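Chemist: After the structure tokens below, expect a handful of questions from me.
What follows is calculated from the coordinates using simple rules that are stated; it is not laboratory data. Owing to the predicted nature of the structure, the values given are computational and were not obtained by experimental measurement. Every residue, glycine among them, receives a Cβ derived from its backbone with ideal geometry; neighbour counts consider all protein chains shown.
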Amino acid sequence: MTAFLLRRSLQALLVLLVMSALVYGLIGLMPGDPIDLMLTADPNVSSTDVARLKALYGLDRPLTERWLRWLARALAGDLGFSRSYAAPVLEVLGPALKNTLVLLIVAYTATFGLALPLSLWIAMKPGSWRDRIVNLGAFAGISIPVFWLALLLVILFSVSLGLLPASGTGARGPDWMDRDWRYLALPVTTLVLANVGAHIRYLRGALLDVLGQDHIRTARAKGAGRLQVMVGHALRNAMVPVITILALDLGSLFSGALVTETVFAWPGMGKLIYDAIMGSDFNLALAGLVLATAVTLLGNLLADLGYVWLDPRIGLAARTQPRGGR
Amino acid sequence: MAGASPPVSGYTGPGPVTGLLGGALLLALALLTLAAPLIESLLSGAYGIDADTVDLFARNAGPSAAHWLGTDELGRDLLLRLLYAGRISLLVGVAGACLASVLGTLIGIGAGYAGGALDALLMRLTDAMIALPLLPLLIVLAAVDLEKVGLPPGLVRSDAASLYRIILIVGLFGWTTVARLVRATTLQVRSHEYVRAAHALGVSPLRIALVHILPNVLSPLIIATTLSVGNMIMLESVLSYLGLGIQPPIPSWGNMLGSAQETMQTRPALALYPGLLIFVTVLAVNFLGDTLNARLDPRKAP
């Protein structure tokens, strides 16, 4: 177990390292050199001054050296200064992380609160009308563009009906719970509708997989009720894929909420990364992207662990084989 | 949704009706968008309008005989813009999916056939690609200044640059599913007697890949490519909506939605149509792909 964990963590760290180098390189290719941005403040700067400024900030050094320097500082806890917020990057990341967490916890709970009973209900009678209708709805959910869904909700509930606020967090103070909860309604609805379809299809598949197995027939033959078979036997055995998708989702929701956050002006990690890239706030964009990658990798790691931990049939030896699974 | 595909055994699969419906919808959309110049010439003959004519005296107009769906915030005909935008969105979807499939096939066959260290390296790369936060990374790539990469300014500043760039970006990130599929099939086929016999007879690896392996991966490849057309259209529309994809004056459903957001208080219809078209297209692709998946894949055939 320890060896497996260690191997996976090392792999994740390697990916994170490569990703940080890649993003560092790419950010250097974005429009708006840091020196150019300074020049806009003073148009009288000569070309020798530009060279001096570049030397002063180490921008005349090769890319790899600059990246290594950034890495050394980042590991020491110094992620640099955010240009657009005029504050250390770490101080900017904190509140954004908090906002994203609030949104994700509520959306996550609601998505599963909806997907689990629905998939249990339709898996009882595959091929029935309710199965077809829920499946169709799930397909629609998968195919709908998130930003369009968000716009429609805004048009309906904010512009036309004037019922719900369309932007902002509604936070009243530093306390997590002290907020106007109505502000969560539209972004959470968007995230739930956009994600619930994929979850229903996945859970339904997992449940039907288990329902086809022998022990279910045994349980039925012994007179277990339908509900007992579904919850006590099928769901219990389908927990492995459920946990897997929960963990995998951590990452995709974390950065996948980017669009939703942007439409509803929700100052979370996704919007932060987007604004940082668009506003040439290089330090912030870099830190945000690396953090988003780290969370995604962590989700994958948890999914792998949950898999091994929950299903004793899956030997560690089999999982550590380089089979490209996850 | 990035991630593992759902377990499929025990799944009875969709009926042929949904697949036919999806295919018919796609065909209709493709024909309509391809006929855009024809419709435009008809409309310009009758009413003297075309897709790009700005008419500031007819801004945000409702439907009329000349403008069947009304006009946008600059007085351009909405229907014609939607059709031309559809060409771009469908082109990006199909071209991106094809690019991704070619890349995925090359990587998958390479990994599966070579085995050993190359296989391990390519599959770790695939794992890593899947673990990356896709959307933020695409945004960074879409924001890169192409002149700094060393491309000629003439090309970078041309209207079509944003189109080529977006196809390249979505294609570069969509190959992972195909690569895994193709590798798995390659591993399977490689151990077959006839392939080993061909190898023993001294047939070159390239010929083995083309003649023996490729035909075997074709049907999963077609399914994966079909399904990824939907993903590509979705990614293009998100990036264009965020202002990083297809750049105006070239219309795409995504960038039309982006500009419709500003007038959504006064003219919600502008935000309705482009999104509806993306939705219908992606839904049709998914219907078709899901049915193909259930019918074509020999491993799932009853």
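Chemist: Residues of the range A:269-294 with the amide nitrogen closer than 19 Å to a label point 7 Å from the Cα of A:ALA76, along Cα-to-Cβ, please.
Modeler: What the label zone holds, given the 19 Å backbone N cut-off, is A:283-284, A:287.
Chemist: Along the positive direction of the dipole of chain B (beta-carbon charges: Lys, Arg +1; Asp, Glu -1; about the Cα centre), which of B:TYR194, B:VAL280, B:TYR113 reaches farthest?
Modeler: It is B:TYR194, whose Cα lies furthest towards the positive end.
Chemist: OK, next. Relative to the Cα centre, what is the charge dipole magnitude of the range A:111-199, using +1 at the beta carbon of each Lys and Arg, -1 at the beta carbon of each Asp and Glu, and rounding to the nearest 20 debye?
Modeler: Computed about the Cα centre, the dipole is about 260 debye.
Chemist: So if R0 is 45 Å, what FRET efficiency would A:TRP181 and A:LYS125 give, r being the distance between their Cβ atoms, rounded to the nearest 0.05?
Modeler: 0.80
Chemist: Under a Cβ-only charge scheme (Lys and Arg +1, Asp and Glu -1), can you give me the dipole magnitude of chain A about the Cα centre, in debye to the nearest 20?
Modeler: Roughly 1560 debye for chain A.
Chemist: Assuming R0 = 22 Å, what is the FRET efficiency of B:LEU21 and A:ILE133, from their Cβ-Cβ distance, to the nearest 0.05? Intermediate values should be presented prior to the final figure.
Modeler: Working: r = 16 Å, r/R0 = 0.71.
The pair B:LEU21/A:ILE133 has a calculated efficiency of 0.90.
Chemist: What do you get for the angle between helix A:182-211 and the principal long axis of chain A? Use alpha-carbon atoms, 0 to 90 degrees, nearest ten.
Modeler: 50 degrees
Chemist: Hey, another quick one. Want the number for B:LEU106 to B:LEU32: 0.36 nm per residue separation, take away the alpha-carbon distance, what's left?
Modeler: That pair, B:LEU106 and B:LEU32, stretches by 23.2 nm at full extension.
Chemist: What does the structure give for B:272-284 when I average, per residue, the other chain Cβ atoms found within 10 Å of the residue Cβ?
Modeler: Counting other chains' Cβ atoms within 10 Å and averaging over B:272-284 gives 4.
Chemist: Straight-line reach only, C-alpha to C-alpha below 25 angstrom: list the lysines that A:LYS98 could link to, leaving out same-chain residues fewer than 8 apart.
Modeler: List returned: A:LYS271.
Chemist: Helix-only estimate, please: 222 nm mean residue ellipticity of the protein assembly as shown, summing -39500 (n - 2.57) across DSSP H runs of length 4 or more and dividing by its residues, to the nearest 500. Intermediate results must be reported in sequence, preceding the final value.
Modeler: Details: 28 runs with 426 residues, N = 628.
My calculation for the protein assembly as shown gives -22500 deg cm²/dmol from helical runs alone.
Chemist: Now a separate question. Mind checking the dipole of chain B: about its Cα centre, +1 per Lys or Arg Cβ, -1 per Asp or Glu Cβ, Debye to the nearest 20?
Modeler: Working: 17 positive and 17 negative charges, 202 e Å.
Charge dipole of chain B: 980 debye, to the nearest 20.
Chemist: When each pair of different Cα atoms in chain B is counted once in the 1/r mean, what is the Kirkwood radius in angstroms, to one decimal?
Modeler: This gives a value of 21.4 Å.
Chemist: Considering every residue in B:77-85, what mean count of other chain Cβ atoms within 10 Å of its Cβ is obtained? Present the calculation step by step, with values, prior to reporting the outcome.
Modeler: Values: counts 0, 0, 0, 0, 0, 0, 0, 0, 0.
Per residue, the average neighbour count from other chains is 0.
Chemist: To the nearest 10 degrees, how steep is helix A:89-123 against the longest Cα principal axis of chain A, on a 0 to 90 scale?
Modeler: Its long axis makes an angle of about 20 degrees.
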